[in-house]
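Down below is the structure, laid out as structure tokens.
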Amino acid sequence: MANKITLARAALLPPILLLLFLRQREAALALFLVSCAGDVLDGIVARSRGEVTAWGKALDPAVDKTLFVAVLSALTALGEFPLLALVLFLVPQLCLAAGALVLRLRARTVQGSRLLGKAAAVLVVAGLVFMLLRLAIGRYFLYSGIAASYLAGVDYLCTAVRATRSGSRDTTGTPPEPGLRTGPSSRSKDE
């Protein structure tokens, strides 16, 4: 059920982008907020129903990042967000994705979410909401989210290195899928 919610969130992306390019900001914002609420809901459902999986831990942040990158790219294409800032946002996202892939292939581990990563995501969401509302403060939230993404990347890197060296398993108590360990995390990630 939780992964279905996450996939439904992903299905909202094309309409959000279409509405942005059709200059239907309020409708795009409404769907963006539904997607963000779904992000919270899928995590609650996963934990309450015991559906936290390695697949969900990978799928949820992939949907989050895709949503953020797509909306920021649309705002950049519309001339409302600087291209350099978009590139600066993309760098840690791509590094995190590459790191997750390496960790999965080499250590057969999926790392759960961490506090700094959550904080960065909250700042980015707030920034995007304000930008969609055409409030200038949105840029400052986005810039703060970008900075927090770099800090989160360092945090994830340190945790991943420790996980691969020690062969540790998920500290959240999430049972691993057969043949797959889940890496250390401050909290399970299927939200």
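The values are calculated or read from the model by the stated rules, or taken from the named source; none is laboratory data. If you're wondering where the values come from, they're calculated on a predicted model, not measured in any experiment. Quick reminder, even Gly has a Cβ in these numbers, built from the backbone with ideal geometry, and neighbours come from all protein chains shown.
For first residues located in the range 41-68 and at negative phi and among the β-branched types (Val, Ile, Thr), partners that are surrounded by 22 or more Cβ atoms within 10 Å (Cβ to Cβ) and in a helix (DSSP H, G or I) and lie 6+ apart or on another chain with Cβ distances below 6 Å form the pairs Val45/Ala2; Val52/Ala46; Val63/Thr6; Val63/Arg9.
Under the condition of being under 10 Å from Asn3 (Cα atoms) and among the hydrophobic types (A, V, I, L, M, F, W, C), which residue from the range 38-54 is modelled with the lowest pLDDT? Applying the filter and picking the extreme gives Val52.
The set of residues from the range 22-36 being surrounded by 12 or more Cβ atoms within 10 Å (Cβ to Cβ) and of a type in the set (A, V, I, L, M, F, W, C) comprises Ala27, Ala28, Leu29, Ala30, Leu31, Phe32, Leu33, Val34, Cys36. So, of the residues in the range 1-58 that are closer than 25 Å to Leu101 by Cβ and β-branched (Val, Ile, Thr), which turns out to be nearest to the chain's Cα centre (by Cα)? Per the criteria, the residue is Thr6.
Working only within the range 1-11, note down all residues that are surrounded by fewer than 19 Cβ atoms within 10 Å (Cβ to Cβ) and in contact (Cβ under 8 Å) with a residue 12 or more places away in the chain.
Quick first cut of the range 1-11, residues surrounded by fewer than 19 Cβ atoms within 10 Å (Cβ to Cβ) only: 1, 3-4, 7-8, 10-11.
Across the range 1-11, the qualifying residues are Met1, Asn3, Leu7, Ala8, Ala10.
Checking Leu135, Leu123, Leu142 one by one, the residue that is outside any helix (DSSP H, G or I), in contact with a helix residue (DSSP H, G or I) (Cβ under 9 Å, 6 or more places away or on another chain) and at pLDDT 85 or above is Leu135 and no other. Please specify each residue of the range 35-59 satisfying the condition of being within 23 Å of Leu20 (Cβ to Cβ) and touching a Lys or Arg at 6+ places or on another chain (Cβ under 8 Å). Selection gives Ser35, Gly38, Asp39.
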